[in-house]
Amino acid sequence: MYPYLSSPITINSLEVRNRIVYPALGVLYSYDRKLNDRYYHFFQEKARGGAGIVTVGPVGVDFIGSGIIVLSLAEDEAIPSFTRLAALIKEHGAAPWVQLFHAGAYSHPFIIDGKEPIAPSPIFSKYSKATPREMTLEDIDMVQTAFVQAALRAKQAGFSGVEIIASGGYLITQFVSPLRNHRTDQYGGNFENRMRFPRELIERLREKLGPDYPLTIRMAGNDFVPGSNTDAETPAIAKVYEKAGVDLINVTGGWHETKVPQLPMDLPRSGFSYLASNIKRVVSVPVAASNRITDPDVAEKILQDGCADMVSLGRVLIADPYWPKKAFQGKKEEIRPCVACSQGCTDEIFSGKPVFCTGNPMAGYEGERKIEKSAQPKKVMVIGAGAAGLEAAVTAAIAGHQVTVYEKKDDIGGQLYIAGAPPHKNEIWEFIRYYRAMIRKYNISVRLNTTVDKDLIQKEKPEFILVAEGAEALVPPIQGVDDPCVLSAWDVLKKNPLLGKEVAIIGGGAVGLETALFVADRGTLRPDVLHFLFAYDAESVDRLRELMFRGTSRVTVFEMLPKVGKDVGKSTRWVLFGNLEKYGIQIRTQAKVSSIKNGTVMYETDGKIEQMQFDHVILASGSRPVQRLSQEVGKSGIPYKIIGDCVQISKINDAIHGGFLAALTI
Ligand SMILES: Cc1cc2nc3c(=O)[nH]c(=O)nc-3n(C[C@H](O)[C@H](O)[C@H](O)COP(=O)(O)O)c2cc1C
């Protein structure tokens with residue numbers, strides 16, 4: 001399977017076993033700049049799963065550029081622990097790599113003991129909320145020296161290669177970007193001068209590391225920041241890097257401030273591969289593509305089409321480190337999906353917390369959360385086939401228990417169907433694909449259209465019960481909720497019924513806002529039609545943009561709180577709010593709906609009663625736990641655990657992790 005993806009590649013003098021790179025990805029498993037057991041287990045698992053290169057990073061080269069929480073190779077004392085890690089990765093056949101990092105203006109004073117960050121020019125950074133000090137020539141030399149020394153330490157520790165980060169908006173990007181580099185000396189101004197810092201750095205690294213040692217770079221194929229480098233300029237930048245001595249260029253896109261989504265589901269699978277292709281056209285060294293390369297078929301096609309020589313799988317290998325092995329063994333259906341929800345990774349990092357994975361309860365807990373084969377396999381009844389029930393069933397089955405899942409509806413998946421319905425959310429349905437494959441693999445029996453009651457429990461005689469009854473939509477105490485024009489968000493997302501031209505949504509939480517997008521998106525241009533119209537200049541660009549976002553219904557959201565989207569994750573909320581604006585969705589906050597009659601919505605705002613007329617009104621006022629069976633099961637005397645939304649309404653990760661942990665206790 002996948003002849004391109006599985007073929008070896010030579011980087012400088014090193015043969016790497018396949019084309020898969022696990023790239024640098026800050027996971028915050030320590031707050032003292034040091035490696036620990038959690039890191040060892042985490043990276044070892046990546047190597048065990050089959051990746052060709054496993055990158056440890058970001059790794060700071062000095063304190064001012066990385067601070068107190070990023071791993072560091074700034075001192076010799078770090079060498080023994082990095083030596084251990086390199087050996088652990090090599091033990092499983094992967095090539096260990098280190099990404100060397102300097103944040104420049106992005107160094108938040110909070111993480112550098114209140115010191116002033118340094119950067120090419122003293123330009124305020126919205127990301128670190130600080131104005132850096134302009135680097136002197138002495139600073140430039142010191143930072144380059146720090147990179148070289150850290151690289152030598154990585155080499156001494158046994159790492160097979162070193163990457164420097166010239167992407168993401170960090171120090172090297174700041175030198176290269178006309179937007180962040182306003183220097184008037186030899187390190188600023190024209191292209192050649194702006195390239196001087198990275199060029200000198202690469203040359204110094206090459207000289208000290210020796211001609212045969214793999215040295216690679218990560219760059220943005222387009223900064224996606226107005227006034228900075230675009231994909232018209234980046235090929236010339238890549239050529240300078242190649243000439244200076246790098247052996248591979250890993251191409252990503254954007255900075256932290258970029259207003260083009262780089263990580264959420266909105267970015268289509270392999271959406272930035274064209275940037276890698278754009279660089280590959282002008283260089284001879286291998287190029288790696290990055291971002292949202294989730295599917296082995298997509299990865300293979302990138303290589304087969306000649307867009308890149310390698311693929312980076314970041315969050316994808318956190319969701320399933322065994323992605324490479326499963327792909328090569330023809331078991332791609334068994335890959336745990338990265339749905340790019342950003343909840344366990346980006347949202348956590350932005351809150352200063354360690355990374356976990358929504359869909360993989362073992363990620364970051366590789367050393368402690370293990371599914372052991374049970375010495376006394378039991379007959380297990382799982383009630384409910386939503387995320388919690390399915391994860392529990394699969395975990396119990398892997399442990400060797402005999403598992404039957406009972407679902408009152410006619411299919412598995414529960415709320416995953418609803419969560420995956422809005423625009424750019426379909427990736428969530430990948431969880432259902434995964435659970436179906438696991439059900440087949442572990443011979444889990446599934447009884448659909450079956451409501452469990454006391455009699456069925458008595459008849460089946462399970463030895464352990466997992467209750468995952470889920471939730472039901474909450475009906476708010478509003479007069480007229482039984483009006484014929486009223487629908488529930490769950491029904492709309494599930495059944496996509498005919499709706500009129502004017503639609504109201506009551507409730508501005510995540511479900512309400514995503515339902516608003518779902519409704520507003522209906523009747524907009526399909527991507528292939530957009531492609532066709534654009535290719536033939538059939539409509540103007542402005543008109544196409546309008547048609548992309550103008551559907552068949554106009555949508556207004558009513559929220560009684562001062563703000564909408566309180567339960568939307570930190571790292572994705574700006575994308576969601578941007579979409580609401582693009583679709584022209586009207587938001588009325590501090591608007592308490594009091595009644596609905598024949599489509600007339602009466603609401604109180606600013607102490608006044610106002611009204612608006614709609615064809616349909618959709619209720620999105622949250623959900624509440626279903627606890628029909630919980631007490632019954634308690635009385636049965638059979639050991640049991642209650643999991644998922646029927647305990648407390650929460651997010652998908654709570655359901656999946658809760659199901660997993662409960663099944664470990666059987
Ligand atoms: C939490 C988090 C931390 C990251 N840290 C780094 C980093 O330090 N250096 C880097 O080059 N990329 C970093 N990235 C970007 C990833 O390496 C990768 O390019 C990105 O996640 C997109 O690829 P994916 O869709 O395969 O995850 C980070 C991404 C995430 C989600």
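Total residues in the range 589-603 satisfying the condition of being surrounded by 15 or more Cβ atoms within 10 Å (Cβ to Cβ) and either more than 20 Å from Leu474 (Cβ to Cβ) or acidic (Asp, Glu) (or both): the figure is 3. The lone criterion from (1) in contact with a Cys (Cβ under 7 Å, 6 or more places away or on another chain); (2) touching a residue at least 60 places away in the same chain (Cβ under 8 Å) left unmet by Val316 is number (2). Restricted to the range 1-50, and to residues there that are part of a strand (DSSP E or B) and open to solvent by 30 Å² or more (accessible area, probe 1.4 Å), the residue that is nearest to the ligand (Cβ to nearest atom) is Leu14.
If you go through the range 164-179 one residue at a time, do you hit one that is surrounded by fewer than 19 Cβ atoms within 10 Å (Cβ to Cβ), of a type outside the set (A, V, I, L, M, F, W, C) and more than 31 Å from the chain's Cα centre (by Cα)? No, the range 164-179 contains no residue that is surrounded by fewer than 19 Cβ atoms within 10 Å (Cβ to Cβ), of a type outside the set (A, V, I, L, M, F, W, C) and more than 31 Å from the chain's Cα centre (by Cα).
Applying the selection to the range 357-374, what residues are touching a Cys at 6+ places or on another chain (Cβ under 8 Å) and either over 19 Å from Gly389 (Cα atoms) or more than 11 Å from the ligand (Cβ to nearest atom) (or both)? Within the range 357-374, Thr358, Gly359, Ala363, Gly364 meet the criteria. The single condition among (1) open to solvent by less than 10 Å² (accessible area, probe 1.4 Å); (2) modelled with pLDDT of 95 or more that Gly67 does not meet is (2). Among the conditions (1) open to solvent by less than 10 Å² (accessible area, probe 1.4 Å); (2) farther than 19 Å from Val240 by Cβ, Leu152 misses just one, which is (1). A single entry from Ala238, Ala232 fulfils the requirement of being closer than 29 Å to Gln304 by Cβ, away from the ligand (no atom under 12 Å from the Cβ) and loosely packed, with under 15 Cβ neighbours inside 10 Å: Ala232. Restricting attention to the range 116-137, the residues that are in contact (Cβ under 8 Å) with a residue 40 or more places away in the chain, among the hydroxyl-bearing types (Ser, Thr, Tyr) and open to solvent by less than 40 Å² (accessible area, probe 1.4 Å) total 1. Checked against the criterion of being touching a Ser or Thr at 6+ places or on another chain (Cβ under 9 Å), touching a residue at least 24 places away in the same chain (Cβ under 8 Å) and under 30 Å from Val70 (Cβ atoms), the range 360-379 has at least one qualifying residue.
Of everything in the range 475-502 that is part of a strand (DSSP E or B) and of a type outside the set (Asp, Glu), the residue that is farthest from Ser650 (Cα to Cα) is Gln479. For Gly359, state whether it is buried (at least 21 other Cβ atoms within 10 Å of the Cβ), within 26 Å of the chain's Cα centre (by Cα) and closer than 30 Å to Thr524 by Cβ. Yes, satisfied. What do you reckon, is Arg183 under 16 Å from Gly104 (Cβ atoms), in contact (Cβ under 8 Å) with a residue 60 or more places away in the chain and touching a strand residue (DSSP E or B) at 6+ places or on another chain (Cβ under 6 Å)? So Arg183 does not fit the description; no. Within the range 439-473, the set of residues being basic (Lys, Arg) and within 21 Å of Pro377 (Cβ to Cβ) comprises Arg440, Lys441, Arg447, Lys459, Lys461. Checked against (1) at pLDDT below 95; (2) in the same structural domain as Leu580 (by TED's automatic domain parsing), Gly500 passes all but a single condition, namely (1). Here the condition is being within 12 Å of the ligand (Cβ to nearest atom) and open to solvent by less than 10 Å² (accessible area, probe 1.4 Å); of Val382, Val394, Val311, it holds for Val311 alone. The condition of being free of Cβ contacts under 8 Å to residues at least 24 places away in the same chain and not acidic (Asp, Glu) holds for only one of Gly227, Gly271, Gly254, Gly245, that being Gly271. With of a type in the set (Lys, Arg), open to solvent by 30 Å² or more (accessible area, probe 1.4 Å) and within 11 Å of the ligand (Cβ to nearest atom) as the only criterion, which of Arg269, Arg281, Arg292 stands out? So the residue among Arg269, Arg281, Arg292 that is of a type in the set (Lys, Arg), open to solvent by 30 Å² or more (accessible area, probe 1.4 Å) and within 11 Å of the ligand (Cβ to nearest atom) is Arg269. For the range 320-332, the condition of being away from the ligand (no atom under 11 Å from the Cβ), among the hydroxyl-bearing types (Ser, Thr, Tyr) and within 20 Å of Arg440 (Cβ to Cβ) holds for at least one residue. Tell me yes or no: at least one residue of the range 604-626 is surrounded by fewer than 14 Cβ atoms within 10 Å (Cβ to Cβ) and within 27 Å of the chain's Cα centre (by Cα). Taking every residue of the range 604-626 in turn, none turns out to be surrounded by fewer than 14 Cβ atoms within 10 Å (Cβ to Cβ) and within 27 Å of the chain's Cα centre (by Cα).
The values are calculated or read from the model by the stated rules, or taken from the named source; none is laboratory data. Everything numeric in this text was worked out from a predicted model, so none of it was measured. All Cβ positions, glycine included, derive from the backbone under ideal geometry; neighbour counts span all protein chains shown. Note: accessible area is taken over every heavy atom of the protein model, side chains too, but ligands, DNA and RNA are not part of it. Shrake-Rupley method; radii C 1.70, N 1.55, O 1.52, S 1.80 Å.
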